[in-house]
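The values are calculated or read from the model by the stated rules, or taken from the named source; none is laboratory data. Given the structure is predicted, the values throughout are model-derived calculations rather than measurements. Neighbour counts run over all protein chains shown; Cβ positions are idealised from the backbone, glycine included. Just so you know, the surface numbers come from the protein's heavy atoms only, side chains and all, with ligands and any DNA or RNA stripped out. Shrake-Rupley method; radii C 1.70, N 1.55, O 1.52, S 1.80 Å.
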Amino acid sequence: MPANLQSTFDVAQFEALLASRNEPEWLTSRRHEAWQSFETAEQPDWRRTNLKGFNLADYSVAEAEVSVEFAGAEGVTILPLAEAIQSHAELVQRVLGSAVQTSRDPYSALNNALVNGGLFIHVAKDVAVEELVRIRYHVANAGTIVAPRTLIVTERHSSINVIEEISSADFDASAVVLTGVEIEVGDGGQVNFSSVQILNSNVYVLGSQQIRINRDAQAEWLNVVVGSAVQHVTLEANLSGNGSSVNWNGLLYGNGKQNLLVAPKLNHIGLNTEGQINFKTVVDDEAYAVFDGMVKIPATGQGTNSDLRENALHLSKTSRSDSIPGLEIDANEVKAGHGSTSGQIDEEQLFYLQSRGLPFAEAKRTIVLGFVGEIIDMIPDEAVRERVETIVADKV
Amino acid sequence: MSANNLVIRNLHVAVDGKEILKGINLTIEEGKIHAIMGPNGSGKSTLAYTLAGHPRYEVTEGEVWYKGQDVLDLEPNDRSKLGLFLAFQYPVAVAGVTVANFLRAALNAHRAQEGVDPKSTAIPMAEYRKVIKSRMDMLEMAPDFARRYLNEGFSGGEKKRLEILQMAMLQPSISIMDETDSGLDIDALKIVAEGVNKVKTEKPELGVLVITHYQRLLNYIKPDYVHVLMNGQIVREGGPEMALELEEKGYDFIREEVFGNAS
C-alpha cells in the first residue's frame, strides 16, 4: 500500500472534472480543499476493511446513471445536484459535506473532491408527500469511479418517503462508488429513507450517510447491503432536536469473499430523544461482515431512550463477522440497552422444521430467509424488494 | 400384526453418552390412544424426540418399525412424510417465517415425489387457502394467526394450538403429544384436547401417543392404554383406570414395587 494516496490517482482527472464545470466559487474552493486533504492524508488504519489490491490508479472519473421515478407533487423539488448548486445554493452549501466529511479519511476527501451526479430533494413546509420517491444510481462500466450524492432537506411539518438503490451492470473487473447521503429532517416532520446496495461483487463502496433529525421530527431509516466486493460506509443519525426519534433497521448479507462494513452511530443530542437500531448480518463462504456500532448520549441527552440490537448468522466455518456495539453515556437520566448475538443456525429450529417434512436444505433456507425477511419486508418498493430477494435467494 | 402399528423393540437411547432409555418395548396400535405416564426424568421426552429423529438422541440398540420401514433409518422429514407427527413440548420460534408460509411449505414437502417437478405436486394457492381456513375454523383460531411468525411471541396456549393446527394440516397417522398439557391452564388445555379429538374423529385410524406427567389431560383425551415409564423402562401397562390410580397414589408406590425401597 503506497503511503501517499496522491501518487495513485492522477490529478489531471480532478482538474478535468473542475474544468468541465461552471460551479460557484464556494464549491470550487471546497473541492480544492478536499483534494489537498486527499493528497496529504495518510492511509487510514482500517483493520476491518480489506483494501489489498485496491489501487485508485485503476479507475477513471465517470458519472453514475441517475434515474428518478416520481410523479411530482406541489411543494416537492427534485433536481440534479448540479442544478441545485445554482438554484438552492444556500441549502446545498449547508448540507453538502455533513455526512461525507473531508477531514474523516482520504476517501471521504476524494469523495468531496469528485462529487458528481446526484440529486437534491426539497420538501416545502407542511407538505406531506404520499408517493414513494424512487431514485437509482447505476454504475454501467468497470474501471470507473463515481461519486453520486443524495441531499434531502425537508422543511418543518413535512414528510417524504425515499428509496435509493445503488446498482451496477454485471461486469467482471472492478469499479468504485464513493457514496454520500445527507439528510436534514425539519421540525415536526418525517423522512423515511431506504438505502439498498445491490452492486455486483467486484465493486468497492466507500462513503457516508447522515440524517440530522430536528425538533420533534422522526426518521425511519433502512440500510440493506447485499452487494459489492468491499464496502466501508459510515452511518450517522443525529437526534439533534428535542423529542426527535429514529427507527433504524439494516441488513448485511455477505457471501463469496465479500467484506461488508457498516459503522452506524446514533447520537442522542437533544432532550427526550428515542432511537432504535436493529441490524441483521448473514455471512457465508469466506465473507466477512462488520457492524461497528456506537450509541452516544452526551450530557445534553437527558431523557434518552435508546436501544441497539445486532444479530449475526454464520452459515459457514470460514465466514466471519465482528460486532462492536459501543455505548458512551454522559447523561444520567437515560434508558439505553444494547445486545448482539452471533452464531450458527439453531439446531432446534432446523429439527423443528424437518420434523414437519422439510428436507434439511429447505429447512435451512427457510430459517435464513426468515431471518433476513424481517428486514427485506421493510423495503417500500416492490420491484427493489424483488431484486433483493432474488439476490438473497441465490446466496442461500 | 398390522403394519400400521408402530412397533418399538428393545429401544436403548443415550444422550451425551448417558443411557436414558433402557430397552423400551411398545406397540402403538392403529386407531388407539396410548398414554405414557412417568415422573420427571423417566425418559418420556427422550422417547418422543427419538421417534421424531432428533440428532442429539443416539440409538444404541433396538428398532422401530412402521408401515414396513425401519423408522430409525429415516431422516426426520422422511418420518414426517411416513405419517409420524410430534407435537413439541416446547415448540420452537422461527422469526420471519409466517405460519401460513411454513404450513404450505410443509404440505408441499409431504406432496413432493422423488424425480417429479415439485411445482407439479405443489398445492394450488386457492386450494391451500381453503384448507388452512377450514382447519383454523375447526380449531377456532383467528385468521391473523396465520400471518404471525412461527411461535414468535406466542403464549403457551397459542404455541400448543399451533401444534394442533399443524397436526390437522399434515394429517399424520401416528401423533406423539409430548407433554402437550405442560404450561397450560385448564381452559387452554380443554381447547387443545378438543382439537386433538376433532382431528381423531375425522381420522379414526390415527394412533396417538400421549406423553404426560399428570392425569388431568387424560380426562379430555381418553386413552385406551396406559404405560408407565420409569428409569428408562416401561414398568407397568394397563387400561385407563391406571391413570387414576397413579393420580391418587403418585409414582412412588410403583417405584417401590419395581425397584424396591432403594430410592
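Let me cross-check B:V92: its accessible surface, 1.4 Å probe, with only protein heavy atoms counted, in Å² to the nearest 10?
In the full protein context, B:V92 sits at about 20 Å².
Average projected area of the Cα convex hull of the stretch A:288-377, in nm²?
7.6 nm²
Report the charge-dipole magnitude of the stretch A:58-145 in Debye, nearest 20, computed about the Cα centre from +1 at each Lys and Arg Cβ and -1 at each Asp and Glu Cβ.
Around 240 debye, computed over the stretch A:58-145.
Provide the per-residue ³J(HN,Hα) series for the stretch A:269-282, in order, calculated from phi with Karplus coefficients 6.51, -1.76, 1.60 and θ = phi - 60°, each as a whole number of Hz, with x at glycine and proline positions.
Values per residue, Gly and Pro as x: 8, x, 7, 6, 9, 10, x, 10, 10, 9, 10, 10, 10, 10 Hz.
Each label point is 7 Å from the Cα along the Cα-to-Cβ direction; what then is the distance between the points at A:Q36 and A:R94, in nm?
2.7 nm
Considering only C-alpha atoms, what is the centroid distance from the stretch B:185-215 to the stretch A:357-396, in Å?
36 Å
Counting only protein chains, not ligands or nucleic acids, how are A:S174, A:S60, A:S342 ordered by accessible area (probe 1.4 Å), most first?
The ordering from most to least exposed comes out as A:S342, A:S60, A:S174.
Leaving ligands and nucleic acids out of the surface, order A:E90, B:E245 by accessible area at 1.4 Å, largest first.
A:E90, B:E245
Beyond 26 Å, what share of the Cα-Cα pairs of chain B remains, rounded to the nearest whole percent?
Beyond 26 Å sits 42 percent of the P(r) for chain B.
Using Cα springs under 10 Å in a Gaussian network model of chain B, which residue among B:I28, B:I234, B:I186 shows the largest mean-square fluctuation?
The residue with the greatest mean-square fluctuation here is B:I186.
Using only the heavy atoms of the protein chains and a 1.4 Å probe, how would A:V396, A:V100 rank by accessible area, largest first?
Largest to smallest exposure gives the sequence A:V396, A:V100.
Check which residues have an amide H placed less than 5 Å from B:L206's amide H, if you skip close sequence neighbours.
Hits under the 5 Å cutoff: B:G31.
Could you please state, rounded to a whole Å, how far the C-alpha centre of the stretch B:1-77 is from the C-alpha centre of the stretch A:62-107?
Their Cα centres are 67 Å away from one another.
Roughly how many debye, to the nearest 20, is the charge dipole of the protein assembly as shown about its Cα centre, given +1 on each Lys and Arg Cβ, -1 on each Asp and Glu Cβ, and no other charges?
Dipole size: approximately 780 debye.
Charges on Cβ only, +1 for Lys and Arg, -1 for Asp and Glu, centred on the Cα centroid of the stretch A:1-143; of A:L51, A:L17, A:S67, which one is farthest towards the dipole's positive end?
Farthest towards the positive pole: A:L51.
With the radius of gyration and the Kirkwood radius both derived from the Cα set of the stretch A:5-241, what is their ratio Rg to Rh?
My calculation puts Rg/Rh at 0.95.
Taking H as built 1.01 Å from N, whose amide H comes closer than 5 Å to the amide H of A:R320, not counting residues under 5 places away?
Close amide H contacts, sequence-distant or interchain: A:A287, A:Y288, A:A289.
Among DSSP beta bridges lying fully in chain A, give the percent that are antiparallel, nearest 5.
Within chain A, antiparallel bridges account for around 10 percent of the total.
Return the single residue from B:V116, B:V71, B:V199 with maximal mean-square fluctuation; model: Gaussian network over chain B, springs between Cα atoms under 10 Å.
B:V116
222 nm [θ] for chain B, helices only, -39500 (n - 2.57) per DSSP H run of 4+, per residue, to 500?
Counting only the DSSP helices, I get -11000 deg cm²/dmol.
Looking at the stretch A:5-241, send over the antiparallel percent of its DSSP beta bridges, to the nearest 5.
If we restrict to bridges inside the stretch A:5-241, about 15 percent are antiparallel.
Once ligands and nucleic acids are excluded and a 1.4 Å probe is used, how much of A:K125 is accessible, expressed in Å² to the nearest 10?
110 Å²
Step through the table entries B:K81/B:K198; A:K364/B:K222; A:K280/B:K130; B:K133/B:K198; A:K265/B:K159; B:K160/B:K198, compare each Cα-Cα distance with 26 Å, and write down the pairs that go over it.
From the list (B:K81/B:K198; A:K364/B:K222; A:K280/B:K130; B:K133/B:K198; A:K265/B:K159; B:K160/B:K198), the Cα-Cα distance tops 26 Å for A:K364/B:K222; A:K280/B:K130; A:K265/B:K159.
So what are the ³J(HN,Hα) numbers for the stretch B:204-213, from phi and the Karplus equation (6.51, -1.76, 1.60; θ = phi - 60°), rounded to whole Hz, Gly and Pro as x?
x, 6, 4, x, 10, 10, 9, 9, 7, 8
Solvent-accessible area of A:D45, probe 1.4 Å, all protein chains present, reported in Å² to the nearest ten, please.
130 Å²
Calculate one ³J(HN,Hα) per residue across the stretch A:288-295 by plugging θ = phi - 60° into the Karplus curve 6.51 cos²θ - 1.76 cosθ + 1.60, and present them in order as whole Hz with x for glycine and proline.
Running phi through 6.51 cos²θ - 1.76 cosθ + 1.60 with θ = phi - 60° gives 9, 10, 10, 10, 9, x, 7, 10 Hz.
Using +1 at the Cβ of each Lys and Arg and -1 at the Cβ of each Asp and Glu in the protein assembly as shown, identify which of B:Y149, A:I375, A:S323 lies farthest towards the dipole's positive end.
B:Y149
Rounded to the nearest 20 debye, what is the charge dipole size of the stretch A:5-241 about its Cα centre when +1 sits on each Lys and Arg Cβ and -1 on each Asp and Glu Cβ?
420 debye
Would you please state the base-10 log of I(q)/I(0) at q = 0.15, 0.25 1/Å for the stretch B:164-219, with intensities from the Debye formula using one equal scatterer on every alpha carbon?
-0.39, -1.07
Starting from a Cα-only point model with no solvent, please compute log10 I(q)/I(0) by Debye for chain A at q = 0.10, 0.13 1/Å.
For chain A, the Cα-only Debye profile gives -0.65, -1.11.
Among B:P76, A:V203, A:I135, flag the residue with its Cα farthest along the positive direction of the charge dipole of the protein assembly as shown, charges on Cβ as +1 for Lys/Arg and -1 for Asp/Glu.
Highest projection toward the positive end goes to B:P76.
Name the long-range amide H neighbours of B:M230: under 5 Å, sequence gap of 5 or more, or other chain; modelled H, no Pro or chain starts.
Distant-sequence amide H within range of B:M230: B:V235.
Lys and Arg at +1, Asp and Glu at -1: add these up for the other residues within a Cβ distance under 13 Å of A:M378 and post the number.
Result for the neighbourhood of A:M378: -4.
Among all the lysines, which ones have a C-alpha under 27 Å from B:K22's C-alpha, if same-chain residues fewer than 8 places away are not counted?
B:K32, B:K44, B:K67, B:K249
So for the stretch A:345-396, what are the equivalent ellipsoid semi-axes in whole Å, largest first, each being the square root of 5 times an eigenvalue of the Cα gyration tensor?
With the √(5λ) rule applied to the stretch A:345-396, the semi-axes are 25, 11, 8 Å.
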